[in-house]
Amino acid sequence: MKNQELASIFSAMAAYLEMDEIPFKPQAYEKAALILENLPVDVEEIYKREGEKGLQKIPGIGKRIANKIVEYLHTGKIKEYEKMRKKMPVKINELMKVEGLGPKMIKELYQHLKITNLEQLEKAAQEGKIRNLPRFGLKTEQNILQGIQFVKRSRGRFLLSEALPLAEGIIASLKKLPQIDKIVIAGSLRRRKETIGDIDLLATIKPDYPQGAKKVMNTFVNLPGIIKVWDYGLTKSSVRFKKKIDVDLRVVKADEFGSALQYFTGSKEHNIATRKIAISKGLKLNEYGVFRKIRGKWKKIAGATEEEVYQAIGLPYIEPELRTNRGEIEAALQGKLPRIIKYNEIRGDLHNHSSWDGGKNSIREMAEAARLMGYEYIGITDHTKFLRIEHGLDEKQLLDQHKEIEKLNAEFKKQKINFRILHGCEANILNDGSLDIEDKVLAQLDYVIAGVHSRFKMKKEEMTQRIIRAIKNPYVKIISHPTGRLINRRDAYPLDIDKILNAALETNTALEINACPERLDLNDINIRKAVEKGVKLAIDTDSHEKTHLQYIHYGIAQARRGWATPKDIINSWPLPKLLRFFQKK
Ligand code: DGT
Ligand code: CA
Ligand code: CA
């Protein structure tokens, strides 16, 4: 499958074109790269079947790009790209991963310092050579160093949103085989960790298929999208998919399924702790089952289900998201496991953007999509005026928008539709902690979200005070993506989280658990701190189009990993209770 190779060439070409400030073309190549990366069919197949015309039928692939694809399929090269590389032989895709480093900077780094890869970049930055370049400076040099750390740390770890759809796709394909009895996700993906090293799958074979494992494994290692087979066997196979995501599939016996699932779900730390408990009770726990010594011989007493495995060692069932050995075992032993929020307990999404601020869908479309998900309410919270690039709304536009929302709500009422659009906004927290919209307009909205969207680099105390001032604004009911981190790309800004939590508690302000898979902000540790203090939380998707509403489960997973219960999550509450919460400040 050549899709990935082409995608990476096209994104490199986009960067090269941008260096030379060529208009429009970079975007076209960038788009083509994205499309190829996610294309479920092999471009080579399309070309074989339907020729160049077939390639042009792929949405987003124009004549020029189709031409390049054909060139690559025939010659294994793209001449234009080879020329670009010769002119500037840098590892462009690798360097582009460093946050804040763009094509033009890469060009200058090459021209002045002959930097071609990440290692050379790091060395030059450490030696203080970058700060002296025109247009760089000390700040940029430090940012580059930080960016490099991120690239290094995240090498080989994937976002949950990259791993989960792939795993679900594989499961859907294999489930079609009559031989398969069960097939499920294990490992960090089942625990819904925010980044995933590799995907672990576990399957059992129906008893009437003695050769079943062979058929299943054969199908597995030949799935489309695989670029390498590491390992092929009847009990375990390992493969690499495009984007370099590795997947392990294990086939286990039906009566070992529970213990294998418990073992391969991890975490390793949780496993070590559960095994110790087993030992303390004279038992043995491993991936094959729970065993008790009877007259000198180990006898199996559990293994088919996870529930019976936990029960056999004297514990209640522990949800996978809690299995970190950060107190869940002790809580389980004392019967004090939290009743964490369930995936179907969200009643509405409070942070969403509409076409008013450049989002893809109208307010009506967003509301319809939310209703289809079974929600009782949706909050529309467009950006406000400080964010010009996001078409932020000013006071007058907000008031106009209010009228439109009232109209839509009146329509629902007339049609006896039990659904309500709440009107908010996502105001910007300016450098001094004030907001970019006048209070008297904020007062007319159902609630206000406030978030930091500028000047991320501040001293810890300054940033803390900045956000606390916003928390204290009487109209602000939710702080969006409170720590500003982007997974694998940007650290949280330095923040005194305890002070923030205290201020939120005192003022009855909720903090957001942003469900966007790149953010997942707050993180699990901060969620747990909030829950312990009694600070309320809102799980929101921050949707910029209606399809994003589906990402809510990533936020719920995060909340579960932070031990949050329905009483902590304001948008799991019925509307009247939520509105009372908004009134209480
Ligand atoms: P990842 O892939 O880095 O995101 O994290 P995991 O947790 O999926 O780790 P992985 O794929 O290496 O192994 C899957 C599970 O297998 C892991 O969660 C627990 C179990 N496991 C692996 N190695 C060990 C080990 O040395 N000791 C114990 N007790 N369990 C292990
Ligand atoms: Ca794994
Ligand atoms: Ca693994």
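The values are calculated or read from the model by the stated rules, or taken from the named source; none is laboratory data. Given the structure is predicted, the values throughout are model-derived calculations rather than measurements. Cβ placement follows ideal geometry from the backbone for every residue including glycine, while neighbour counts extend to all protein chains displayed. Just so you know, the surface numbers come from the protein's heavy atoms only, side chains and all, with ligands and any DNA or RNA stripped out. Shrake-Rupley method; radii C 1.70, N 1.55, O 1.52, S 1.80 Å.
Could you please state, rounded to a whole Å, how far the C-alpha centre of the range 108-181 is from the C-alpha centre of the range 295-357?
Cα centres, the range 108-181 to the range 295-357: 33 Å.
Mind checking the alpha-carbon convex hull of the range 227-377 and giving the volume per residue in Å³? Present the calculation step by step, with values, prior to reporting the outcome.
Working: hull volume 28.9 nm³, N = 151.
Considering the Cα atoms of the range 227-377, their hull volume per residue is 191 Å³.
So if we plug the beta-carbon distance of Arg489 and Ile227 into 1/(1 + (r/R0)^6) with R0 = 22 Å, what FRET efficiency do we get, rounded to 0.05?
Efficiency, rounded to the nearest 0.05: 0.35.
Expressed in nm², what is the orientationally averaged projection area of the convex hull enclosing the Cα positions of the chain?
Result: a mean projected hull area of 31.9 nm².
Rg to Rh ratio, the range 541-585, alpha-carbon atoms and Kirkwood radius?
Looking at the range 541-585, the ratio lands at 1.04.
FRET efficiency for Lys83 and Lys48, Cβ-Cβ distance as r, R0 = 22 Å, nearest 0.05?
Here the calculated transfer efficiency is 0.20.
Rank Ile449, Ala515, Ala470 by how far each Cα sits towards the positive end of the charge dipole of the range 348-581 (+1 on Lys, Arg Cβ; -1 on Asp, Glu Cβ) and give me just the farthest.
Final value for the positive-end residue is Ala515.
How much length would be gained if the chain were fully extended between Lys293 and Glu545, taking 0.36 nm per residue of separation minus their Cα-Cα distance, in nm to one decimal?
Gain on stretching Lys293 to Glu545: 84.8 nm.
Expressed as a whole percentage, what fraction of the accessible surface of the chain belongs to carbon and sulfur atoms when a 1.4 Å probe is rolled over the protein heavy atoms?
Its accessible area is 51 percent carbon and sulfur atoms.
Take the eigenvalues of the Cα gyration tensor for the range 348-581, scale each by 5, and report the square roots as semi-axes in whole Å, largest first.
Over the Cα atoms of the range 348-581, the ellipsoid semi-axes are 26, 20, 16 Å.
Just want the answer: with Cβ charges of +1 for Lys and Arg and -1 for Asp and Glu, which residue in Met373, Tyr310, Trp356 is farthest toward the dipole's positive end in the range 248-384?
Tyr310
Using a basic spin-label model with each label point 7 Å from the Cα along Cα→Cβ, how many nm lie between Arg240 and Lys206?
Each label point lies 7 Å from its Cα, and together they span 3.6 nm.
For the chain, what's the relative contact order in percent, using C-alpha pairs closer than 8 Å and at least 6 residues apart?
9 percent
Using unit Cβ charges (K, R positive; D, E negative) and no other charged atoms, how large, in debye to the nearest 20, is the dipole of the range 430-585 about its Cα centre?
300 debye
Helix-only estimate, please: 222 nm mean residue ellipticity of the chain, summing -39500 (n - 2.57) across DSSP H runs of length 4 or more and dividing by its residues, to the nearest 500.
Value at 222 nm, helices only, nearest 500: -13500 deg cm²/dmol.
Dipole of the chain, Cα-centred, from +1 at each Lys and Arg C-beta and -1 at each Asp and Glu C-beta, to the nearest 20 debye? Before the final figure, lay out the partial values.
On the way: 103 positive and 77 negative charges, 327 e Å.
The calculated dipole for the chain is roughly 1580 debye.
Give me the one-decimal nm value for the distance between modelled label points at Lys414 and Asp255, 7 Å along each residue's Cα-to-Cβ direction.
Between Lys414 and Asp255, the label points sit 6.8 nm apart.
Under a crude label model (7 Å from the Cα following the beta-carbon direction), how far is Glu307 from Gln111 in nanometres?
Label at Glu307, label at Gln111, 6.8 nm between them.
Please give the FRET efficiency for Asp496 paired with Ile279, using the beta carbon to beta carbon distance and R0 = 56 Å, rounded to the nearest 0.05.
0.85
Sort 474-480, 423-429 by the packing proxy (mean of other Cβ within 10 Å over each peptide's residues), most packed first.
Averaged packing, sorted descending, gives the order 423-429, 474-480.
If the limit is 27 Å between Cα atoms, which of Lys228/Lys284; Lys342/Lys440; Lys83/Lys104; Lys175/Lys243 go over it?
Violating the 27 Å limit, Cα to Cα: Lys228/Lys284; Lys342/Lys440.
Just to be sure I understand: of the beta bridges DSSP finds with both ends in the range 348-581, what percent are antiparallel, rounded to 5? Could you put the intermediate results ahead of the total?
On the way: 3 of 27 bridges.
Here the antiparallel bridges make up roughly 10 percent for the range 348-581.
For the range 158-251, what proportion of DSSP beta bridges, expressed in % and rounded to the nearest 5, is antiparallel? Walk me through the numbers before you get to the answer.
Working: 18 of 23 bridges.
Given both bridge residues lie in the range 158-251, the antiparallel proportion sits at roughly 80 percent.
Can you list, bin by bin at 5 Å, the percent of alpha carbon pairs in the range 256-333, starting at 0?
Distribution as computed: 3, 18, 30, 28, 13, 5, 2, 0 percent.
Can you find, among Val43, Ala28, Gly156, the residue sitting farthest towards the positive end of the charge dipole of the chain, where Lys and Arg contribute +1 and Asp and Glu -1 at Cβ?
Farthest along the dipole direction, towards plus: Gly156.
Once the convex hull of the C-alpha atoms of the range 461-585 is built, how many Å³ does it hold per residue, rounded to a whole number?
On the way: hull volume 13.1 nm³, N = 125.
About 105 Å³ per residue, rounded to a whole number.
The range 139-213: D in µm²/s via Stokes-Einstein (Kirkwood Rh, Cα pairs, 25 °C, 0.890 mPa s)? Let's see the in-between values first.
Working: Rh = 14.7 Å.
After rounding, the answer is 167 µm²/s.
Could you provide, to the nearest whole Å², the per residue accessible area of the chain with probe 1.4 Å?
Each residue of the chain exposes 47 Å² on average to a 1.4 Å probe.
Nearest-5 percent of antiparallel DSSP beta bridges in the chain?
In the chain, approximately 50 percent of DSSP beta bridges are antiparallel ones.
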